[in-house]
Each structure stands twice: as C-alpha cells, then as structure tokens.
Amino acid sequence: MKRKFWNWIGNETNEERTLVLNGEISDETWYGDEVTPKLFEKELNAGKGNITVWINSPGGDVFAAAQIYNMLMEYKGDVTVKVDALAASAASVIAMAGTSVLMSPVGMMMIHNPMTIAIGDSKEMQKAGEMLDEVKESIMNAYEIKTGMNRTKISHLMDAESWFNAKKAVELGFADGILGGGAENTEDAVKGAELEGVMFSRTAVANSLLSKLIPKPEEEKTPVEQLEKRLNLLTH
C-alpha cells in the first residue's frame, strides 16, 4: 500500500479519536489504486464520537484537500483542528472544517492562489487560467464560511500569499484560539500566549531581502561632517 498522509489514533473508550495529517497531501497517494478517498471515508466513519485533527502539512493537492474538507464538514461529531506547526496551502483548507480551530503559539498558517502546470497553445493556457480561477472561488468559499470575511479581502490575501502566526490567524478568523495554558476561549487564549499578531507576504519578504542585497549609495557628507572627519584624523 502506498504511504498514507494520514493516521488514525483511537482510544479504549472510542468516545474520541485523533486524526493526524502529516506531510504533503499527495494526489498520487490519494488517488492511487489502494489509498483512495473511499478508504479515508471508511476510516472516518468506522467510529463515533468527536475527532481531534492534528495538522502539520505544507499543503498539496487541492482536490484531495477539498474532499477531506467536505467529509469532515459532514461528520456527525465535533471536529477540533489543532495546528501544531504548519497548515499551508491546501492544508489550510482542511483546517477550515474544524468546529474549533486552535493553533500552536509557534504554528503558522498560509493561504495563496492555486497553481498548476499546463502545456499547450494559448487556448490551453486560457483554459488553465479559467480553471484556476474557479478553483480559487471554491477555496474562498471555505475561508469565507469560517472567517466571515468578505471575498474581496480574502482574494487579496490569497494574491499576496499571506502567512499568519497564531494570533493573527485568530484576529482574522482563520482560527478560534491558541493552544496552551488551558484557555477555553479566544480572548483568554490570545492573552495567555502574549503574542503579537504578525502577517507577511512572499512579496514583502522578497523585497526585504533584495533591499539588503543591493548596496545603498553613500550619502554625501556636509561640510561640517567633512571638517569633523579631518579634525579626527589630525588629533588621532
């Protein structure tokens, strides 16, 4: 059997189960001959009770993520999502299925526009672009339902490839609280973590790095500064 990117951990009472999503959400793994959406659904419905979903994933195939999102949304019990390190790209879509979404104080979440590889003439490229636009709209549905944010703002955040730390994710509505300290609600979680809400984009990081790599022109010194420099040379 091909490697699964998920693993179920049960307990003796079967009152609550834990689902661990770790690593890339792979389309090859998901749509292989043995590891299929049907297998995930079978395992999901094999037990009852509430589910805790731990996520540490850079993302992967958006269609696999969409199916997992839908299955978790339809699940009868409560689904608590806990981001222990990273919920990026397609993994952030799965996180939106949580009845409650909690992030580690050192966890990160990232959202961006969907991407693909296309080969062909201009018409094929146009079709690929139109397909990506539709995929983006579907992803925005999940973000909008969870955050209550308007679609224009969500679209801008995706355009910029936005990264959120735990507190910023809570502020924007992508998460409900921060793990640690036994906090039961958003306000207590944020206060207990004592974090600063931070959000940045790939463009901002690239510009920052470029500004450090490109040498700044030396500023012309004023006559007073020139005189002070000469006096220092004479007295030392």
Can you run down the residue pairs with Cβ atoms below 8 Å, 6 or more apart or on separate chains, where the first is in the stretch 157-177 and under 22 Å from ASN113 (Cβ atoms) and the partner is in a strand (DSSP E or B) and polar (S, T, N, Q)? ALA160/SER201; GLU161/SER201; SER162/SER201; TRP163/SER201
Inspect the stretch 168-191 for any residue being modelled with pLDDT under 95, touching a Phe, Trp or Tyr at 6+ places or on another chain (Cβ under 9 Å), under 19 Å from ALA66 (Cβ atoms) and not small (Gly, Ala, Ser) and give the result as yes or no. no
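Quick one: in the stretch 89-104, of everything that is among the β-branched types (Val, Ile, Thr) and either in a strand (DSSP E or B) or over 16 Å from the mean Cα position of the chain (by Cα) (or both), which residue is surrounded by the fewest Cβ atoms within 10 Å (Cβ to Cβ)?
So the residue we want is THR99.
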Could you check, for the stretch 25-34, whether at least one of its residues is at pLDDT 85 or above, surrounded by fewer than 19 Cβ atoms within 10 Å (Cβ to Cβ), acidic (Asp, Glu) and out of contact with any strand residue (DSSP E or B) (no Cβ under 9 Å at 6 or more places or on another chain)? no
Just one of THR116, THR152 is assigned to a helix (DSSP H, G or I), exposed (fewer than 12 other Cβ atoms within 10 Å of the Cβ) and of a type in the set (Ser, Thr, Tyr); which is it? THR152
Taking the conditions exactly as written (hydrophobic (A, V, I, L, M, F, W, C) and in a helix (DSSP H, G or I)), does LEU86 satisfy them or not? no
Tally of residues being among the hydrophobic types (A, V, I, L, M, F, W, C), part of a loop (DSSP other than H, G, I, E, B) and either surrounded by 18 or more Cβ atoms within 10 Å (Cβ to Cβ) or under 16 Å from the mean Cα position of the chain (by Cα) (or both) across the stretch 35-83: 1
GLU15 versus (1) under 30 Å from ALA160 (Cβ atoms); (2) among the charged types (D, E, K, R); (3) touching a strand residue (DSSP E or B) at 6+ places or on another chain (Cβ under 9 Å): which is the lone unmet condition? (1)
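The values are calculated or read from the model by the stated rules, or taken from the named source; none is laboratory data. Just so we're clear, the structure is a prediction, and the values are computed from it rather than from any experiment. So basically every Cβ, Gly included, is an ideal-geometry build from the backbone, and we count neighbours across all protein chains shown.
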